Every structure is written in structure tokens, then in C-alpha cells.
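*Asks:* This is the structure I want to talk about, given as C-alpha cells.
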Amino acid sequence: MLSDLVAETADQTPPPTDLFEVLEDSRRRTVLGMVQSETGQIDLTYLSQRIALYEDEAELTASSLQDIAITLAHNHLPKLDAVDVVDYLHDENRVEAGDRLEHFQGHL
């Protein structure tokens, strides 16, 4: 279960079932791929725009970008941060690679 990942240390490989639980959502996989390919922190607005383009949003509106940013901020990023795959800096609306990202890279 996802909560089991939190108890593990950063240098331990998580069980496959936990990996799949984190990676089951395409938006989370996209976030991890972007964090893996970027250096440093990524702004939530930029991340939302890139995801919208990746998901081929027909009409890239302020509303659709806001919807993506909301799902990232309230759902996906906290889940990824909880297992230390990313560090979500909520107050700064930024995300960066977490200590455990390397364990997920081969599964993206």
C-alpha cells in the first residue's frame, strides 16, 4: 500500500505493488518524467502548461490550466511528495526531484 512507502528509507527499493500504485495515473507519470528531465525546481504553472500540451488539450484556456493545476496541487503532487518521489514546495508552487525518484525512473 502507498502508506508503506513512507516508512521505507530513501535507499530501499519499494515493492512492485507500491511502484504501480504511484505510477497508475498517467498524469503522475507525466509529472515524474518532467521532473526527471528538468534540473532544479519546476513552477506549477509551467508544469500545468506542459501537461496540457502533453495531454493534447484541444483548447488551452486559463480555465483548463487552472483545472490541471488544481488536480496537481491537491491530488497528484501531495501523493508523490508523501513517498518522497518529488518534493512539492506548496507555498512556492514549485516541485523538484525527491530522494526516491531514482527508484521510479526505470518504470516510466
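The values are calculated or read from the model by the stated rules, or taken from the named source; none is laboratory data. Worth saying up front: this structure is predicted, and the values here are computed from it rather than measured. Please note: Cβ atoms are built from the backbone with ideal geometry, for glycine as well, and neighbour counts cover all protein chains shown.
*Asks:* Could you tell me whether segment 38-46 includes any residue that is assigned to a loop (DSSP other than H, G, I, E, B) and either crowded, with 17+ Cβ neighbours inside 10 Å or free of Cβ contacts under 8 Å to residues at least 12 places away in the same chain (or both)?
*Replies:* Taking every residue of segment 38-46 in turn, at least one turns out to be assigned to a loop (DSSP other than H, G, I, E, B) and either crowded, with 17+ Cβ neighbours inside 10 Å or free of Cβ contacts under 8 Å to residues at least 12 places away in the same chain (or both).
*Asks:* Which one is surrounded by the most Cβ atoms within 10 Å (Cβ to Cβ) among residues in segment 56-72 that are farther than 23 Å from residue 98 by Cβ and under 18 Å from the mean Cα position of the chain (by Cα)?
*Replies:* Looking at the filtered set, the residue picked out is 65.
*Asks:* Next question. I need every pair where a residue in segment 14-25 that is at negative phi and assigned to a helix (DSSP H, G or I) has its Cβ under 9 Å from the Cβ of a residue that is of a type in the set (D, E, K, R) and at pLDDT below 80, sequence separation at least 6 or different chains.
*Replies:* So the pair list comes out as 17/4; 18/4; 18/8.
*Asks:* Restricting attention to segment 56-97, and to residues there that are touching a residue at least 24 places away in the same chain (Cβ under 8 Å) and assigned to a loop (DSSP other than H, G, I, E, B), which single residue is farthest from residue 39 (Cα to Cα)?
*Replies:* 83
*Asks:* Looking for something under 11 Å from the mean Cα position of the chain (by Cα), of a type in the set (S, T, N, Q) and at pLDDT 90 or above - is there at least one such residue anywhere in segment 73-90?
*Replies:* yes
*Asks:* Give 11, 4, 25 a once-over and let me know the one that is modelled with pLDDT under 70, surrounded by 11 or more Cβ atoms within 10 Å (Cβ to Cβ) and not β-branched (Val, Ile, Thr).
*Replies:* Selected residue: 4, the only one of 11, 4, 25 that is modelled with pLDDT under 70, surrounded by 11 or more Cβ atoms within 10 Å (Cβ to Cβ) and not β-branched (Val, Ile, Thr).
*Asks:* Another question, then. Against the conditions (1) touching a Ser or Thr at 6+ places or on another chain (Cβ under 9 Å); (2) surrounded by fewer than 15 Cβ atoms within 10 Å (Cβ to Cβ); (3) of a type outside the set (A, V, I, L, M), where does residue 50 fall short? Just the number, please.
*Replies:* Condition not satisfied by residue 50: (2).
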